[in-house]
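The values are calculated or read from the model by the stated rules, or taken from the named source; none is laboratory data. All values reported here derive from a predicted model rather than from experimental measurement. Reconstructed Cβ throughout: ideal geometry from the backbone, glycine too, with neighbour counts over all protein chains shown. Please note that ligands, DNA and RNA were not included when accessible areas were found on the heavy atoms of the full protein model with its side chains. Shrake-Rupley method; radii C 1.70, N 1.55, O 1.52, S 1.80 Å.
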Amino acid sequence: MTSQASETVRVDSWMWAVRLFKTRSQSAAACRSGHVRVNGSSAKASVQVKQGDEVRVRAAGRERIVVVVRPIAKRVGAQIAAECMQDSSPPPPSAELLASIPRRDRGAGRPTKRERRDMEKFLDRGMPLA
């Protein structure tokens with residue numbers, strides 16, 4: 001079976017098979033939300049990927065950049081899945097950096113005018129606010 005079907009596979013199926021997502025429906029939802037790009041362009045779940053394609057996935061607040069080494073459609077063992085992709089993602093930010101970013105408490109309500117001005121001053125200095 002060396003047809004076109006074995007050389008390409010749907011991007012949502014491939015991301016699930018190489019364990020970028022726990023379920024295929026999560027993978028398809030990421031595609032629908034615009035968090036998946038194949039070779040630089042936004043990808044629907046049905047986009048076919050082949051060997052050498054670059055897939056960028058934004059999941060869990062982190063961007064993963066992987067290259068398709070071998071297209072697979074079914075979920076396999078972790079070692080085989082790791083061989084089917086080449087991960088060239090940047091390392092995750094350090095714990096100290098994440099802890100230094102100021103955040104509002106969940107459920108603290110809407111910021112007051114004074115808090116909003118302080119946030120705008122902070123952002124104008126060029127520092128990102130999470």
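Looking for whichever is of a type outside the set (Phe, Trp, Tyr) and part of a helix (DSSP H, G or I) here; the options are SER25, SER46, SER89. Which one fits? Even if it seems obvious, please write down each step before you answer.
Working: SER46 fails: part of a helix (DSSP H, G or I); SER89 fails: part of a helix (DSSP H, G or I).
After ruling out the rest, the residue left standing is SER25.
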Number of the condition not met by ARG19 [criteria: (1) assigned to a helix (DSSP H, G or I); (2) touching a residue at least 60 places away in the same chain (Cβ under 8 Å)]: (1)
Condition met for VAL76 (aliphatic (A, V, I, L, M), open to solvent by less than 80 Å² (accessible area, probe 1.4 Å), out of contact with any Leu (no Cβ under 9 Å at 6 or more places or on another chain) and modelled with pLDDT of 95 or more): no
Which residue pairs have Cβ atoms under 7 Å apart, sit 6 or more places apart or on different chains, and have a first residue in segment 59-72 that is farther than 17 Å from SER13 by Cα and a second that is open to solvent by 30 Å² or more (accessible area, probe 1.4 Å) and not aromatic (Phe, Trp, Tyr)? ARG62/PRO92; GLU63/ARG56
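For segment 9-44, enumerate the residues that are aliphatic (A, V, I, L, M) and either closer than 18 Å to GLN86 by Cβ or surrounded by 19 or more Cβ atoms within 10 Å (Cβ to Cβ) (or both).
Pass one, segment 9-44, residues aliphatic (A, V, I, L, M): 9, 11, 15, 17-18, 20, 28-30, 36, 38, 43.
Those that are aliphatic (A, V, I, L, M) and either closer than 18 Å to GLN86 by Cβ or surrounded by 19 or more Cβ atoms within 10 Å (Cβ to Cβ) (or both): VAL9, VAL11, MET15, ALA17, VAL18, LEU20, ALA28, ALA30, VAL36, VAL38, ALA43.
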Selection within segment 101-130 - in a helix (DSSP H, G or I), open to solvent by 80 Å² or more (accessible area, probe 1.4 Å) and either at pLDDT below 70 or not aliphatic (A, V, I, L, M) (or both): LYS113, ARG114, ARG116, ARG117, ASP118, GLU120, LYS121, ASP124
